[in-house]
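The values are calculated or read from the model by the stated rules, or taken from the named source; none is laboratory data. Not measured: the values here are computed from a predicted model. The accessibility values were calculated without ligands, DNA or RNA, using every heavy atom of the protein model including side chains. Shrake-Rupley method; radii C 1.70, N 1.55, O 1.52, S 1.80 Å.
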Amino acid sequence: MNGPDAETKMQFLFALRSKGVTDRRVLAAMEEVDRGLFVRGLFAERAYEDMPLPIACGQTISQPSVVGLMTQALEVHPRDKVLEVGTGSGYQAAILAKLARRVYTVDRHARLVREAQALFQRLQLVNITTMTADGSFGLPDQAPFDRIIVTAAAEDAPGPLLAQLKIGGIMVLPVGQSDTVQTLIRVRRLETGFEYDELRPVRFVPLLEGLGKDG
Ligand code: SAH
């Protein structure tokens, strides 16, 4: 495992900071997790650029600055139990694993879950539990969660996920009517209901129903 050289790493972290990722714990976690391990084949050499890149099953690994901004907005504490919907490459889950007590991550593509799990083992990220499932329904057996992050876009925050958020909990997710115009939002669960904040425009792959074809 080589990882990026010092210059590349410095540029990677500089790009994150210049896009607004300022939380020191988030930056430290992103410095520790080598994005190059989560991107394969032709695109591997572009792993340290601030760009989304294609992964297996027609999906994408998100842009590093978006990963950073979402993680920052999630305000993860060391004792938190976090649910991620949309494992993809596993990159976001690996960063969450550095910040939280336990991470549950689900994807509808069994192949992506298998490959991410192999990486988590290799990196000794023992506090991540992977699962192949339609994450729109959350994980009722493990609920409630302190934090929920969704890395695929739905029209609205899925009801089961809202229901599985603890009071005082935070969920960060992209919502939007189309594949091109989406907004990243943060939902806080209060004693009396939910508070919504719009964070910024984003572009994610859609949250789809059921399991992927390889599942
Ligand atoms: N967080 C990922 C990027 C995810 S791309 C990373 O760090 O690389 C979005 C992922 O959401 C895709 O892998 C897609 O298969 C998954 N997805 C889409 N709809 C889903 C659903 N209903 N349940 C679970 N996963 C879903």
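Just a few scattered comments:
- Our coupling estimate for segment 92-105, obtained by passing each phi through the Karplus curve with A = 6.51, B = -1.76, C = 1.60 and θ = phi - 60°, is 4, 5, 5, 5, 4, 5, 6, 10, 10, 6, 8, 10, 9, 10 Hz, Gly and Pro reported as x.
- For the chain, the antiparallel share of DSSP beta bridges with both residues in that region comes to about 45%.
- Reciprocal mean inverse distance between Cα atoms of the chain - Kirkwood radius, Å: 17.1 Å
- Largest to smallest in accessible area, the residues Ile148, Ile167 fall in the order Ile167, Ile148 (1.4 Å probe, all protein chains included).
- Sorting Leu42, Leu69, Leu53 by solvent-accessible area of protein heavy atoms yields Leu42, Leu69, Leu53, largest first, with a 1.4 Å probe.
- Whole-number accessible area per residue in Å² for the chain, which is evaluated in the context of all protein chains at 1.4 Å: 49 Å²
- When each of Lys9/Lys166; Lys9/Lys98; Lys19/Lys81 is checked by Cα-Cα distance, pairs over 30 Å: Lys9/Lys166
- Integer Hz, Karplus 6.51/-1.76/1.60 couplings in order for segment 153-160, x for Gly and Pro: 9, 10, 5, 9, 4, x, x, x
- Taking 0.36 nm per residue of separation and subtracting the current Cα-Cα distance, fully stretching the chain between Glu155 and Asp5 would add 49.9 nm.
- Extension gain for the segment Tyr196 to Asp214, taken as residue separation times 0.36 nm less the Cα-Cα distance, is 3.0 nm to one decimal.
- Centre separation in Å (Cα based) which lies between segment 119-142 and segment 36-74: 19 Å
- Length added when fully stretched, Met51-Ile167, from 0.36 nm per residue minus Cα-Cα: 38.3 nm
- Solvent-accessible area of Tyr48 with every protein chain in place, 1.4 Å probe, in Å² to the nearest 10: 60 Å²
- Helix-only [θ]222 nm of the chain, DSSP H runs n ≥ 4, -39500 (n - 2.57) each, per residue, nearest 500: -8000 deg cm²/dmol
- Here's how it looks for Thr129: its modeled amide H is under 5 Å from those of Val103, Tyr104, Thr105, which are all 5 or more places away or on a different chain.
- Share of carbon and sulfur in the accessible area of segment 6-202 stands at 50%, probe radius 1.4 Å.
- Note on Glu31: accessible area approximately 90 square angstrom, rounded to 10, probe 1.4 Å, nucleic acids and ligands left out.
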